[in-house]
Amino acid sequence: MAPAVILLTGLDSRAERDLQFRLAARGHRPIATANGRATLREVTAARAAVVSGPPGRIQALHAAAPWLILLALCASPEAALAALAVGAEQTFPSTATAQVVAGLELSLERQRPRLLSQPAKDLCCGDLVIDARRQHVARGGRPLHLTSAELALLLCLLGAAGRPVSRERILEHLGAAAGFDSESRLVDVHVRNLRKKIEVEPALPDLVLSVPGIGYRLRGDPVVSGAGDGSGSAA
């Protein structure tokens, strides 16, 4: 695992100290931000952030730096759902610092470019184009900025080639850790976030379809197209 700069923002002093120790021991460079506010230099240097506090803090950081992997420390399942809805990739109970480090490294590993069976080609589903090798996604020629969790969910559905995928299988594919992410309803939050980005009308999805009692499927079979052209990017 390559070392990474990790922002720690809004954490209480105990969680902050514990994460600083654990992350440094794994070779990472944790940066605790003052008063929950990160400077532009800190955000630009970072690959991920562990955030605590109101959903607005997570939303603002996600809007300013969509490439960041955002992990949220939450005091309740309701707070976890709110954090996911505004851009958090994973959520953990406030005291679960060991699980945070494990989940963070899993996300960092997942963010690395993936090789599919035909890595030099694009995968197309209608006008949705995915270059998984370079983590580029576009629809109708418009670049889409997906988080690594959203990209992992999309690839999971693509791999099923139109067949239904259960919520349990999706959680397994996303590498959901113990804690709040063990609840299958959080899959619905990830799907809702993905639909907001790839669907023309998220309320009337034409790509990511619900399968009652099972989970979700992608409409149609993906087809292999030409070499990737780098038209979009996944953060």
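All of the numbers you see were taken from the coordinates with simple rules; none came from a lab. This is a predicted model, so every value here is computed, not measured. Virtual Cβ from ideal backbone geometry, glycine too; neighbours counted across all protein chains shown.
Annotations
- Whether the range 5-111 is rounded, prolate or oblate, judged on the alpha carbon gyration tensor where a/c under 1.5 counts as rounded: rounded
- Chain lengthening between A98 and S210 when straightened (0.36 nm per residue, less Cα-Cα): 36.9 nm
- Local electrostatic count at G213 - Lys and Arg +1, Asp and Glu -1, tallied over other residues with Cβ under 15 Å: +3
- Residues E168, E201, sorted so that the one with the fewest Cβ neighbours within 10 Å comes first: E201, E168
- Gain upon complete extension [E201, A24; 0.36 nm per residue less C-alpha separation]: 59.4 nm
- Whole-Hz couplings from phi, Karplus 6.51/-1.76/1.60, listed for the range 7-13; x for Gly and Pro: 7, 10, 9, x, 7, 6, 4
- Just so you know, the Cα atoms of the range 40-94 work out to an Rg and Dmax of 10.4, 33 Å.
- Treating r as the C-beta distance of A45 and S166 and R0 as 45 Å, the FRET efficiency rounds to 0.70.
- Amide H within-cut-off set for R29, under 5 Å, with H built and near neighbours excluded: A4, V5, I6
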